[in-house]
Amino acid sequence: MDNDQRTIMAIGTKKGLWLAESTDREAWTLNGPHFLNLEVPSVAIDTREGRTRILAGVNDWHWGPTVVYSDDAGATWSEPEQGAIKFPADTDTALARIWHLRPDTAERPGVVWAGCEPISVFRSTDSGESFELNRGLWGHPHRSQWGAGFGGAAVHSIVPNAADENTIHAAMSTGGVYRTTDGGTSWEPRNKGIRVGFDPDPYPEFGQCVHHITADAQDPNRLYAQNHGGVYRTDDSGDEWISIAEGLPADFGFVFLSHPRTGGTVWTIPLQGEGERIPVGGRLSVYRSTDAGNSWSEQHDGLPDADYNVVLRDAAAVDEHPGSVGVYFGTRGGEVFASNDEGAHFATVATRLPDVLSVRAAQFAGAAQ
């Protein structure tokens, strides 16, 4: 297979990990499951340093959570004997789940971030083989007041600033968005303008149930947020947020994706209400904006007219294909969809998998295995 045309997708589910490969991002070959019957809530594909490393946050119901990785497209997997992520003994805390894995920029090779439950951030400098707890966030005075979202208390989004390695945003349920500008030594809440409909104070300093955040491709100080009711943008690194929900059929959901090269181009998948948690009207659609959320257009070609399954925050991704960017997502009904033309049309990759928790895709890097 020609590596220049080879795309690999990692699909983490409630009961195992599947890998899909394609040369045109329309027809896919699926293999798996890997880690059958183990929960895989987070995956990442790291194409830095001239190779393709697949990372998976695996939750073993007996041995506990850890990060495993493969450098040969899933043929073999490596796992640290003592576990890749663990809390230091003095914290008297056990790791519950690895919610999010995020390789940093190409200019920071080896750095991989992990967002975990209980609410915490870990950092690796060896491409995900070992991680260290960020003490600044763990020791934050707000920590005792952070709560659990419907799925648990976790950091689920980590966004390193592409222009400044000392600036990182992290989002948690529940707690909101926090920012560090000193490389993680200290963190401050950055939630001004984000409304909390379930709180007596509709605009608290922190406590927001943010569902996902992502950064703009061209302006590292522009971020987007999908909240538990509310879709937002900040143009000043989180100092103030404005609503960009107008034009969407609902302001609830979990997914927010940004184009890897084109500023202002983003995608979201609205859901109907916080109680129903289904595609609006049962019609599964992606919504795209090319003007930073000032207007939205529906993308539905190739998607079901009747689907009543949630798309979770980490179960959606974009690739960095040099032509048209690919858009990918999976549902809790076990269906996986892929677009090779930035969402204009979707093809079905898989059906009837266990509920999909995490999806990532990337163009293959390195020699064929």
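No lab work stands behind these numbers, since they all come straight from the coordinates. Worth saying up front: this structure is predicted, and the values here are computed from it rather than measured. Cβ placement follows ideal geometry from the backbone for every residue including glycine, while neighbour counts extend to all protein chains displayed.
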In a Gaussian network model of the chain with springs linking alpha carbons closer than 10 Å, the residue among GLY57, GLY152, GLY176 that fluctuates most is GLY152
5 angstrom amide H check on SER42, placed H, neighbours 5+ away:
GLY57
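At 0.36 nm per residue, and after removing the present C-alpha to C-alpha distance, how many nm does the segment from ALA89 to THR262 gain when stretched out fully?
Values: separation 173, 0.36 × 173 = 62.28 nm, distance 4.43 nm.
Gain on extension, ALA89 to THR262, equals 57.8 nm.
Rounded to the nearest 0.05, what FRET efficiency do ALA75 and GLU246 have when you use their Cβ-Cβ distance and R0 = 35 Å? Mind showing how you got there, number by number?
Values: r = 48 Å, r/R0 = 1.38.
It comes out at approximately 0.15.
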Given [x] 0.93; [y] 0.98; [z] 1.07, which label gives Rg/Rh (Cα atoms, Kirkwood Rh) as computed from the coordinates?
[x]
In terms of the Cα gyration tensor, with a ≥ b ≥ c the square roots of its eigenvalues, is region 321-364 rounded because a/c is under 1.5, prolate because a/b exceeds b/c, or oblate?
prolate
Let me make sure I get this right: for region 86-176, a, b and c are the square roots of the gyration tensor eigenvalues over alpha carbons, sorted descending. Under 1.5 in a/c it's rounded, otherwise prolate if a/b > b/c, else oblate. Which is it?
prolate
Select from region 1-67 those chymotrypsin sites (Phe, Trp or Tyr not before Pro) which occupy a DSSP coil region and have at most 12 other Cβ atoms within 10 Å, ordered by residue number.
TRP61, TRP63
Residues whose placed amide H lies under 5 Å from that of VAL349, excluding near-sequence neighbours
VAL336, PHE337, ALA338
Excluding residues fewer than 8 places away in the same chain, name every one of the lysines whose C-alpha is closer than 27 Å to that of LYS86.
LYS14, LYS15
Where labels lie 7 Å past Cα in the beta-carbon direction, separation of TYR308 and ASP201 in nm:
4.0 nm
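Is region 213-369 rounded, prolate or oblate when judged by the Cα gyration tensor, a ≥ b ≥ c being the square roots of its eigenvalues, rounded requiring a/c under 1.5 and prolate requiring a/b larger than b/c?
Numbers: a/c = 1.73, a/b = 1.08, b/c = 1.60.
It is oblate, given that a/c is not under 1.5 and a/b is not larger than b/c.
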Between region 312-331 and region 52-130, how far is it from one alpha carbon centroid to the other, in angstrom?
21 Å
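Nearest 500 deg cm²/dmol is fine: what mean residue ellipticity at 222 nm does the chain get from its DSSP H runs of n ≥ 4 alone, each adding -39,500 (n - 2.57), divided by its residue count?
Values: 1 runs with 4 residues, N = 369.
Rounded to the nearest 500, the figure is 0 deg cm²/dmol.
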The chain - percent relative contact order, Cα under 8 Å, separation 6 or more
14 percent
Considering amide H positions built from the backbone, and no H for Pro or chain starts, which residues 5 or more places from GLY302, or on another chain, come under 5 Å of its amide H?
PHE346
Find, among the chymotrypsin sites (Phe, Trp or Tyr not before Pro) in region 211-274, those assigned to loop by DSSP (not H, G, I, E, B) with at most 16 other beta-carbon atoms within 10 angstrom.
none
Table column - 3J(HN,Hα) (Hz), region 309-315, Karplus curve with 6.51, -1.76, 1.60, x for Gly and Pro
10, 6, 10, 7, 4, 9, 8
From the Cα centre of region 241-276 to that of region 163-198, the distance in Å is 19 Å
Post the alpha-carbon centroid distance, region 1-44 to region 201-228, in whole angstrom.
29 Å
Go ahead and collect, in residue order, the members of region 239-271 whose backbone nitrogen is under 16 Å from a label point 7 Å along the Cα-Cβ direction of ASP182.
none
